[in-house]
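What follows is a set of notes on a single structure, which appears directly below.
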Number of protein chains: 2
Amino acid sequence: MNEDEIIRLMKSINKFPAESRLNFYDDAWSFKINNEYFTISTDMLVASTDVVQGTRLECVGRKAMVSSVSDLSSKGVRPKYYMISLGLTREIGMRGVRALARGFSMAIREYGGCIVGGDTNESKDMSICVTSFGTSKDPPVRRGIGKEGDVVAVTGDFGEAAAGLKIMMNEVRDDIYRRRFLRAFLFPKARLAEGVALSRAKVLSGCIDSSDGLALSIYSLIDSDGGNDMGVRLDFLPCSKELERFCSENDLDPLELVLYGGEEYELVAVVEKERWRMAERVVRKVGGRLIKIGEVVHDRGVWLRIGRELVEVKRRGWRHFT
Amino acid sequence: MNEDEIIRLMKSINKFPAESRLNFYDDAWSFKINNEYFTISTDMLVASTDVVQGTRLECVGRKAMVSSVSDLSSKGVRPKYYMISLGLTREIGMRGVRALARGFSMAIREYGGCIVGGDTNESKDMSICVTSFGTSKDPPVRRGIGKEGDVVAVTGDFGEAAAGLKIMMNEVRDDIYRRRFLRAFLFPKARLAEGVALSRAKVLSGCIDSSDGLALSIYSLIDSDGGNDMGVRLDFLPCSKELERFCSENDLDPLELVLYGGEEYELVAVVEKERWRMAERVVRKVGGRLIKIGEVVHDRGVWLRIGRELVEVKRRGWRHFT
């Protein structure tokens with residue numbers, strides 16, 4: 001039993017509708033009505049797997065929405081409406097539900113849109129299912145790897161959320177950047193402004209949000225274009241000085257945290273080579289960063305350049321049931 | 001902590017959008033794009049509360065979808081697309097997931113539409129969140145009680161699913177109708193053809209599906225029109241001969257099962273008085289039944305006529321966390 005097998009089984013249930021703009025394995029689904037694209041994404045957060053003990057319920061509520069907003073962000077679509085289904089334990093009480101609601105409220109202040117309905121249930125393991133939808137004039141950006149020479153870029157540093165998780169789990173010594181990393185883990189940002197700007201500028205060959213880790217995200221971009229024998233060479237790891245210091249103090253491999261840590265919601269974008277300058281500019285204009293980390297190569301797989309050598313990046317990251 | 005309080009809290013998070021065709025408390029949400037209405041509903045099924053031990057996973061999967069289709073049915077909208085989020089226990093295994101998928105498949109064969117995406121998670125308490133959406137030329141039917149003299153009608157008998165539940169729970173003696181009642185409980189039908197026919201014929205003042213019981217459904221119709229001092233007088237209980245016999249053999253009150261049993265997905269429709277004949281006709285034409293059970297009165301509350309007396313029907317039925 002593994003997540004990918006389950007997803008393939010779900011796909012096999014019915015014929016996928018021809019009017020779809022994104023494929024079944026993409027993070028959202030979309031179709032066109034007249035001149036508008038209508039894009040929908042759904043994401044479920046489950047307490048026993050996705051929530052570290054001791055996390056405030058505000059953070060949990062906010063993160064449940066951020067994770068769904070992030071899916072739309074990678075498509076370049078602004079969320080307009082949300083439906084939220086709750087599976088709540090009795091123990092949570094109204095106090096807990098109010099904390100969740102404050103979290104939802106925070107996400108709405110940050111990303112816009114409004115809650116238009118949902119469902120409430122009792123459960124032994126809290127679950128929050130958020131379905132987000134939005135409309136856009138531009139077609140939603142697909143997962144995809146583009147062509148040789150295209151630029152692979154990300155919207156922020158990686159690994160700090162994973163460092164935050166290690167702090168939450170008491171796996172490491174205290175650190176002077178404790179607050180920074182905890183913040184990265186507890187209050188991750190969806191890169192909505194960046195995703196929308198990149199989509200509008202029509203500079204992307206493909207995009208994905210990186211919630212399962214940088215390595216797996218890049219593999220997902222490659223896989224979505226089937227057997228086209230393309231790959232990615234990484235020339236630069238998006239790792240902050242602070243994380244490097246944290247890793248050296250705690251005897252951790254920054255490469256491990258950056259490539260496989262997960263828990264971020266950065267975008268991993270493939271930018272058409274000749275539009276790189278424009279891509280950088282439009283992201284800067286909305287207050288974001290676009291960091292070039294590598295390029296698309298005609299060689300299946302993901303490779304990291306360390307000095308003069310190319311090391312293969314493992315296909316590993318967060319998968320359920322493993 | 002109770003379900004209604006939680007729903008009110010969720011409503012208070014943001015301003016409800018002006019373009020909405022259905023209110024927040026309705027079973028679905030809808031807005032208009034050009035000349036089409038776009039209607040969405042989400043429903044979560046949780047194993048520990050909604051699934052009786054021993055239920056086959058095919059039934060669970062099918063029911064999760066039926067429950068969402070039923071919400072759209074009450075709006076008169078045919079489901080076109082589904083997003084399904086799964087929270088699965090490890091114990092279920094691929095065999096179990098395949099059984100769930102067969103259930104989804106059954107529902108799709110019965111009601112049309114197709115699965116276009118979703119999310120997969122690990123959970124300690126299985127949950128299935130189905131978001132259904134459809135488009136229609138006719139505006140979605142609201143919850144609402146209409147005006148004095150309007151006919152209150154249902155699309156089938158009540159109480160048999162509740163009888164099936166009692167059989168599943170071994171609360172009653174075996175019965176010659178055992179298979180019939182188990183079927184009503186395990187394979188409830190969403191009244192999609194009926195709902196669509198009634199909506200197209202423009203004969204309804206309001207409609208709801210009755211998953212929380214007949215009594216509560218009628219109260220919900222009344223409540224949704226706010227303080228208009230209207231109520232319902234029931235002249236007839238939609239109870240089959242088979243259920244009457246089952247109740248007498250098992251020393252049960254049929255009134256209890258019919259009014260408060262729940263677990264059905266029949267429609268409770270308010271038909272404009274002068275359009276009753278047409279309503280009956282269009283439902284018959286799609287192979288369904290429309291049973292008149294009472295009428296709208298200018299007297300807040302729900303009343304049942306027993307002989308010459310009017311007995312108040314209690315506001316009670318399935319509510320979470322109570």
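The values are calculated or read from the model by the stated rules, or taken from the named source; none is laboratory data. Since we're looking at a predicted model, the values are computed, not measured. Neighbour counts are summed over all protein chains in view; Cβ atoms, including those assigned to glycine, are modelled from backbone coordinates with ideal geometry.
Things to note:
- Residue list for the range B:192-249, filter: crowded, with 18+ Cβ neighbours inside 10 Å and aromatic (Phe, Trp, Tyr): B:219, B:246
Okay, residues lined up against (1) closer than 27 Å to residue B:67 by Cβ; (2) at the interface with another protein chain (Cβ under 7 Å from one of its Cβ atoms); (3) among the basic types (Lys, Arg):
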{"position": "A:45", "(1), (2), (3)": "yes, no, no"}
{"position": "A:50", "(1), (2), (3)": "yes, no, no"}
{"position": "A:56", "(1), (2), (3)": "no, no, yes"}
{"position": "A:75", "(1), (2), (3)": "no, no, yes"}
{"position": "A:83", "(1), (2), (3)": "yes, yes, no"}
{"position": "A:109", "(1), (2), (3)": "no, no, yes"}
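- Residues in the range B:297-321 that are within 20 Å of the chain's Cα centre (by Cα) and not small (Gly, Ala, Ser): 9 in all.
- Residue in the range B:96-143 that is surrounded by the most Cβ atoms within 10 Å (Cβ to Cβ), counting only those that are touching a Leu at 6+ places or on another chain (Cβ under 8 Å) and among the polar types (S, T, N, Q): B:127
- Among the conditions (1) of a type in the set (Asp, Glu); (2) surrounded by 15 or more Cβ atoms within 10 Å (Cβ to Cβ); (3) modelled with pLDDT of 90 or more, the only one that residue B:5 does not satisfy is (2).
- Residues that are crowded, with 24+ Cβ neighbours inside 10 Å and in contact (Cβ under 8 Å) with a residue 40 or more places away in the chain were ranked within the range B:27-42; the one that is nearest to the other protein chains (Cβ to nearest Cβ) is B:42.
- Residue in the range A:256-276 that is within 20 Å of the chain's Cα centre (by Cα) and surrounded by fewer than 16 Cβ atoms within 10 Å (Cβ to Cβ) present: yes
- Note on the range A:95-107: residues that are in contact with a helix residue (DSSP H, G or I) (Cβ under 6 Å, 6 or more places away or on another chain) and within 7 Å of chain B (Cβ to nearest Cβ) total 3.
- Lone unmet requirement of (1) at pLDDT below 95; (2) charged (D, E, K, R); (3) closer than 19 Å to residue B:154 by Cα for residue B:277: (1)
- The range A:196-228: number of residues that are under 23 Å from residue A:317 (Cα atoms) and either within 17 Å of the chain's Cα centre (by Cα) or not in a loop (DSSP other than H, G, I, E, B) (or both): 19
- Summed over the range B:121-140, the residues that are of a type in the set (Lys, Arg) and more than 8 Å from chain A (Cβ to nearest Cβ) give a count of 1.
- In this structure, residue B:54 does not qualify as in contact with a Lys or Arg (Cβ under 9 Å, 6 or more places away or on another chain) and at positive phi.
- Members of the range A:280-322 found to be within 22 Å of residue A:190 (Cβ to Cβ), more than 14 Å from chain B (Cβ to nearest Cβ) and in contact with a helix residue (DSSP H, G or I) (Cβ under 6 Å, 6 or more places away or on another chain), listed by number: A:282, A:283, A:286, A:288, A:290, A:317
- Residue count, the range B:141-158 (criterion: under 20 Å from residue B:262 (Cα atoms) and not in a loop (DSSP other than H, G, I, E, B)): 3
- Number of positions in the range B:147-195 that are within 19 Å of the chain's Cα centre (by Cα) and within 27 Å of residue B:229 (Cβ to Cβ): 5
- Any hit, the range A:107-121, residues being touching a His at 6+ places or on another chain (Cβ under 8 Å) and under 17 Å from residue B:44 (Cα atoms): yes
- Elements of type strands (runs of 3 or more DSSP E) in the range B:1-113, at least 1 residues being under 24 Å from residue B:162 (Cβ atoms): B:36-46
- Flag if residue A:296 is within 27 Å of residue A:163 (Cα to Cα) and either surrounded by fewer than 20 Cβ atoms within 10 Å (Cβ to Cβ) or touching a residue at least 24 places away in the same chain (Cβ under 8 Å) (or both): no
- Tally of residues being touching a residue at least 40 places away in the same chain (Cβ under 8 Å) and outside any helix (DSSP H, G or I) across the range B:234-290: 26
- Residues of the range A:1-24 classified as more than 7 Å from every other protein chain (Cβ to nearest Cβ), without any contact (Cβ under 8 Å) to a residue 24 or more places away in the chain and among the polar types (S, T, N, Q), total: 1
- Counting only residues that are among the hydroxyl-bearing types (Ser, Thr, Tyr) and more than 21 Å from residue B:211 (Cα to Cα), the range B:247-303 holds 1 of them.
- Qualifying residue in the range B:169-182 (condition: under 30 Å from residue B:83 (Cβ atoms) and buried (at least 24 other Cβ atoms within 10 Å of the Cβ)): no
- Going through (1) surrounded by fewer than 24 Cβ atoms within 10 Å (Cβ to Cβ); (2) under 20 Å from the mean Cα position of the chain (by Cα); (3) facing chain B (nearest Cβ under 9 Å) one by one, residue A:92 falls short only on (2).
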